[in-house]
1. Once you have the Kirkwood Rh of segment 222-266 from its Cα pairs, apply Stokes-Einstein at 37 °C and 0.692 mPa s and quote D in µm²/s.
2. Going by amide H atoms built from the backbone, whose H comes under 5 Å of the H on Thr25, apart from near neighbours?
3. Give me the number: length gained by fully extending Arg50 to His73, i.e. 0.36 nm times residue separation minus the C-alpha to C-alpha distance, one decimal in nm.
4. Expressed as a rounded percentage, what relative contact order does segment 1-67 have, with Cα pairs under 8 Å and six or more residues apart?
5. Compute the accessible area per residue over segment 155-304, keeping the other protein chains in place, probe 1.4 Å, unit Å².
6. Could you give the accessible area per residue of segment 1-121, probe 1.4 Å, as a whole number in Å²?
7. How many Å³ per residue does the convex hull of the Cα positions in segment 77-172 occupy?
8. To check you understand DSSP bridge types, tell me what percent of the beta bridges within the chain (both residues inside) are antiparallel, rounded to 5.
Amino acid sequence: MIRCSIGTAKVLGLKKVKVDALPTTAYLMVGERCHYNCAFCAQARESSSRADLLSRVSWPKFQRESFLQGLVHPDAQAVLQRICFQVVQDKGALEETKEWVKSVKDKTNLPICVSAGPRTLEEVKELLDLGVEHVSIALDAATPEIYEQSKDGSWKKRFELLNQSAKKFPGHMTTHLIVGLGETEEEMIRLLQTMYDKGISVALFAFTPIKGTRMEGIKQPDMSQYRRVQVAHDLIRTGLASVDYFRFQDGQITDFGIPVDELQERRGGEPFQTSGCSGCNRPYYNETPGEELYNYPKSLTSEEVEAAWAHIRRVRGTA
């Protein structure tokens, strides 16, 4: 059995559900009930959330053959651009993931990424040797202090493994960072710069409170805060600017070094679309249907572009 995100199940023809946007990546979850105890995660050791949840997305189980048949169906192949394994850190999930990677590689040439918790360079190498394009080691938190408050283990050790892996396997390492765990914008943006300086690409998430987790009572980040970090991220990853161009006041970014009108004209809605590997759009991973989206899974309308940049133009304490 394997879990697929509900949107992936729709694309594979395994579920009939109504969706606003189809996922362009097949999102698959291996393992259940992590041995780590992240305060924001539905799969955490002490979470009382539903076992089929990861963030706000449900992940139903499917039989191996049904999943593989759906994966190679022409309708699915017309939509999908990559495959992403989300590996819950239970006892045997990483080994199980390797077997799933082999099975998928036998069926399709789609690029594969694995978001896992490898403990050593050798474990990273084993995944890459199987043909995985990207391995993600999620830092999630912008600082060691916030990591200690919200996750298990050591931020410094995880950062060092990510750094060593990026040096040994350039172009193959990614990470996840979550805005809204208590960091300042400056702390997050400086870490973003560090990641790209090391050749590590970043998938940016907005903190999402999930019922049954230790952080279920914490609010999502203010949309203006998230939009500012998104623009800084976009400028850093495209090489249009660096943190040296930016100005901060009390931890908040106040100047991108380029006029906002010029930024909007040059970048449009691109900074506000889902970030991560190419072809990754994660529909409604952090969002509530009917509300403004933190990460847009497709190109923004002109109205959505205007609304997003309006957040950037806000000065602290004023509209």
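1. Values: Rh = 10.8 Å.
Here the translational diffusion coefficient equals 305 µm²/s.
2. Residues meeting the criterion, in which the H sits 1.01 Å from N, are Gln81, Asn281, Arg282.
3. Values: separation 23, 0.36 × 23 = 8.28 nm, distance 3.01 nm.
Using 0.36 nm per residue and subtracting the Cα-Cα distance, I get 5.3 nm.
4. Working: 96 pairs, mean separation 26.2, N = 67.
Reported as a whole number, the value is 39 percent.
5. Values: 6680 Å² over 150 residues.
Averaged over the residues of segment 155-304, the accessible area is 45 Å².
6. Details: 5530 Å² over 121 residues.
Solvent-accessible surface per residue comes out at 46 Å².
7. On the way: hull volume 10.6 nm³, N = 96.
Dividing the Cα hull volume of segment 77-172 by its residue count gives 110 Å³.
8. On the way: 9 of 33 bridges.
DSSP beta bridges in the chain are roughly 25 percent antiparallel.
The values are calculated or read from the model by the stated rules, or taken from the named source; none is laboratory data. These numbers were taken from a predicted model, which means no experiment stands behind them. For neighbour counting, all protein chains shown are included, and Cβ atoms are generated from backbone atoms with ideal geometry for every residue, glycine included. Protein only, heavy atoms only, side chains kept; ligands, DNA and RNA dropped before computing areas. Shrake-Rupley method; radii C 1.70, N 1.55, O 1.52, S 1.80 Å.
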